[in-house]
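Take a look at the structure set out below.
The values are calculated or read from the model by the stated rules, or taken from the named source; none is laboratory data. These figures come from a predicted structure and were not determined experimentally. Note that each Cβ is placed from the backbone with ideal geometry, even for glycine, and that neighbours are counted across all protein chains shown. All accessible areas refer to the heavy atoms of the entire protein, side chains included, with ligands and DNA or RNA removed. Shrake-Rupley method; radii C 1.70, N 1.55, O 1.52, S 1.80 Å.
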Amino acid sequence: MKGPASANPLVIKFGGTSVGGGAAFGRAASIAAEAARERPVAVVVSAMSGVTNLLLGHAAGVVDRDGVVAGELRGALAERHLRAVREVVAPERRAEVERRVLALLDELVETIERPAESVKARRAGIAVFGERLSAEVLAGAIARAGVPAEVVAADPIATDRRFDEAEVDVDETERRCSRYIAPVLGGGGVAVVPGFVGRAPDGSPTTLGRGGSDLSATVIGRALGSSEVWIMSDVNGVLDADPRLVPDAMLMPRLSYHEAHTFAGLGAKVLHHKTMEPAAEARMTVRVRNTFAPETPGTRISADFADGDGVRCVALRRKVPMEIPCANGRRSETAMVVCIGSPSERDLKLGLRLLRKAKIRFLHAGFASAGLVFVVNGERGEDALRLLHGSLVTADAGVEEVA
Ligand code: ADP
Ligand code: ASP
Ligand code: MG
């Protein structure tokens, strides 16, 4: 039952870098604890950075020699998580959290040794331990920050049996969230939920797909009747291009659901591609913020915002299945730059002129539902992205963040 004390909880999701080690857990815990002094808070947490890759790598490579390698994996995970526990969990609670972490690691080894019904079921069964482990550490850290916190171990997100990219069962998830999360909130505690993890009808663990903790957050927000979800990451918000490819990418202070959904679908990694679906359906506000600079306003995505004018942001799709014949007779791969938003004929002409001037071969340019598309020689994809970002994206200057 959702009691009044748990009404409209804030959901805060922390990504892998936000819980990368002891210091990061401490920062995340203080953000959660501070928010929980104002309103009920459910936290969704990812695995410590790198841990899901480690688990999936293990799942892929250990068919013959489970015993030996499982021991090594257990040792590596114990080392990392227990170090974080020592750094951020209060001494009086430490032994209990250590015990829970070690019990999970025993369960992981058992899972590795047990035959699974399929390769995908096995991978999911192993991968979910990353989030289960980090949830224990984070709950311990939040308690140290002065607010009671409890791990929700019951996998509240109900899914189908697509183990690697499971589909959420909305009604059953709502029932499970009411049953397993709402009582924690009603009791005044922070509910710490492992992200990424789902539960098939027969109880088997499933996963929501790589990067799926973002989706866990909006799915749980919708189920709990939340009006706001924070996605805490290691960037200041959603930027108008991938900052790893475009160093002068700029913060987008606000986005419509449609813009955020399109950008996430085209590779803005800070949001899992399905994150906006529950948010738009339940008209929740999603704020993307930096765990390491919580004072910065971040990006706000809400029903209050309509699509902006002109080109809003750019995305690069590599290895587009269209090939350019080369002078040497071989065919090279192509890349596609998508200029998302409401571009004009003028943007198209300007883009083409700039590509020609920069001697970037293009195979196709034109309007698509997401915006303006330029298909170029694959080797020059990043150059084209930077060029088009620099000249076509309309600055969102002057937009005030409404606190
Ligand atoms: P988390 O562990 O918090 O989920 P991710 O690595 O999944 O973090 O997503 C954050 C990263 O996404 C950033 O560090 C950044 O490099 C990358 N990224 C790609 N495109 C964008 C974008 N348009 N805006 C912000 N970050 C982006
Ligand atoms: N830990 C999972 C992954 O690495 C889910 C997530 O980080 O959102 O894919
Ligand atoms: Mg992510």
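Summary of computed values
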| read-out | value |
| --- | --- |
| Cross-link reach list, aspartates and glutamates versus residue 359, counting only Cα pairs under 14 Å and skipping chain neighbours closer than eight places | 379, 382, 383 |
| Value at 222 nm in deg cm²/dmol, rounded to 500, when DSSP H runs of n ≥ 4 in the chain each add -39,500 (n - 2.57) | -13000 deg cm²/dmol |
| For the chain, built as a Gaussian network whose Cα springs stay under 10 Å, the top-fluctuating residue of 197, 238, 320 | 320 |
| Residue-wise HN-Hα coupling along region 74-83, computed from phi with Karplus coefficients 6.51, -1.76, 1.60 (Hz; x: Gly, Pro) | 4, x, 5, 6, 4, 4, 5, 6, 5, 5 |
| Rounded to whole Hz, the Karplus (6.51, -1.76, 1.60) HN-Hα couplings of region 186-196, x for glycine and proline | x, x, x, x, 7, 8, 9, 10, x, x, 6 |
| Built amide H within the under 5 Å cut-off of residue 230, gap 5+ | 11, 12, 13, 287 |
| Rounded Å value of the spacing that divides the Cα centres of region 4-33 and region 148-197 | 16 |
| Solvent exposure ordering (accessible area, 1.4 Å, most first) of 72, 38, 165 | 38, 72, 165 |
| Net charge, residue 30 excluded, C-beta distance under 12 Å - Lys, Arg +1, Asp, Glu -1 | +2 |
| Qualifying aspartates and glutamates (Cα of each under 13 Å from Cα of residue 13; at least 8 residues distant if same chain) | 131, 214, 228, 234 |
| Computed accessible area, residue 256, all protein chains, 1.4 angstrom probe, square angstrom | 0 |
| Virtual spin-label span in nm between residue 293 and residue 117, 7 Å along Cα→Cβ | 4.7 |
| Full-extension gain in nm, residue 361 to residue 53, via 0.36 nm per residue minus C-alpha separation | 107.2 nm |
| Interchain or long-range residues, amide H under 5 Å from residue 159's placed H | 169, 199, 200 |
| For region 89-141 versus region 250-320, the gap between their alpha-carbon centres in whole angstrom | 32 |
| Linear extension gain, residue 319 paired with residue 395, 0.36 nm per residue minus alpha-carbon span | 24.5 nm |
| Given charges at beta-carbon only (K, R positive; D, E negative), |dipole| of the chain in Debye | 880 |
| For the chain, the Rg and Dmax computed from alpha carbons only, in angstrom | 22.4, 71 |
| Given the chain, longest segment not containing exposed loop trypsin sites (Lys or Arg not before Pro) (DSSP; at most 11 other Cβ within 10 Å) | 66-243 |
| Rounded tilt (10° steps) of 22-36 against the dominant C-alpha axis of the chain | 80 |
| Relative contact order for region 34-117, counting Cα pairs under 8 Å that sit 6 or more residues apart, in percent | 29 |
| For region 294-304, 3J(HN,Hα) per residue [Karplus equation, 6.51 cos²θ - 1.76 cosθ + 1.60, θ = phi - 60°, Hz, x = Gly/Pro] | x, 7, 7, x, x, 10, 10, 10, 8, 5, 6 |
| In nm, spacing of pseudo-spin labels at residue 379 and residue 79 (7 Å Cα→C-beta vector) | 4.2 |
| Three semi-axes of the equivalent ellipsoid, region 255-378, Cα gyration tensor, whole Å, largest first | 32, 16, 13 |
| Solvent-accessible surface ranking, highest first, for 332, 369 at 1.4 angstrom | 369, 332 |
| Inter-site label distance for residue 7 and residue 86 at 7 Å from Cα along Cβ, in nm | 4.7 |
| Fully extended contour minus Cα-Cα distance, from residue 369 to residue 160, at 0.36 nm per residue | 72.2 nm |
| The chain, relative contact order [Cα under 8 Å, separation at least 6], % | 15 |
